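What follows is one structure encoded as C-alpha cells, with my remarks underneath.
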Amino acid sequence: MRYIRYASIAIFALALILVALANRGMVSVKMLPDEIAGFATLNPGYDVPLFVVIFASVLAGLVLGFIWEWIREAKERATAAARAREIQRLRAELARLKGEKHEGKDEVLALLDQAS
C-alpha cells in the first residue's frame with residue numbers, strides 16, 4: 001500500500017514538473033486592468049512564468065474552497081457539539097439515577113445489580 005502511495009505522489013510530481021516545463025513563457029501580471037489603472041496611483045505589474053500563475057490560481061481556488069466549505073459546515077458542527085453536550089448530560093443523569101436506585105441497599109448487592 002505504501003508503494004502505491006509513493007507511486008501516486010511520484011506521478012503527481014512528474015505531472016506538475018511537465019506542466020511547469022511546458023509553460024515557462026513569461027507573462028505580465030498586473031493588479032488592475034489598464035482602464036482602471038488610470039484612477040489608481042499605484043498599479044504594480046510583474047513578469048512571472050505562466051506556470052507560477054497557473055499553480056497560484058489552483059492554490060487560491062483550493063484555499064477559497066476549503067474556507068467556503070468550513071463556513072458551510074458551521075451549522076453541522078454546532079449541531080454535533082449540542083448533541084455531544086446533550087449526551088454528556090444524559091449520561092450524568094443516568095449515573096445519578098442508578099445511584100438513587102441502589103441507595104440504602106447492601107453495597108455488594110448493589111454492585112452485582114449494577115453489573116448486570
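The values are calculated or read from the model by the stated rules, or taken from the named source; none is laboratory data. Bear in mind the structure is a predicted one, so any value in this text is a computation, not a measurement. Virtual Cβ from ideal backbone geometry, glycine too; neighbours counted across all protein chains shown.
Numbers for the structure displayed
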quantity	calculated
Pairs where the first residue, in the range 21-41, is free of Cβ contacts under 8 Å to residues at least 12 places away in the same chain and the second is of a type outside the set (G, A, S) and in a loop (DSSP other than H, G, I, E, B), C-beta under 7 Å, 6+ apart	L32/N43; A37/N43; A40/L32
One residue from I17, I4 being on the phi < 0 side of the Ramachandran plot, out of contact with any Ser or Thr (no Cβ under 9 Å at 6 or more places or on another chain) and surrounded by 10 or more Cβ atoms within 10 Å (Cβ to Cβ)	I17
Residue match in the range 61-82 (condition: touching a helix residue (DSSP H, G or I) at 6+ places or on another chain (Cβ under 7 Å), at pLDDT 85 or above, surrounded by 10 or more Cβ atoms within 10 Å (Cβ to Cβ) and not in a helix (DSSP H, G or I))	no
Any hit, the range 1-16, residues being outside any helix (DSSP H, G or I) and more than 23 Å from L59 (Cβ to Cβ)	yes
M31 in contact with a strand residue (DSSP E or B) (Cβ under 9 Å, 6 or more places away or on another chain) and among the aliphatic types (A, V, I, L, M)	yes
Hits in the range 25-37 (condition: surrounded by 10 or more Cβ atoms within 10 Å (Cβ to Cβ) and not in a helix (DSSP H, G or I))	M26, V27, V29, K30, M31, L32
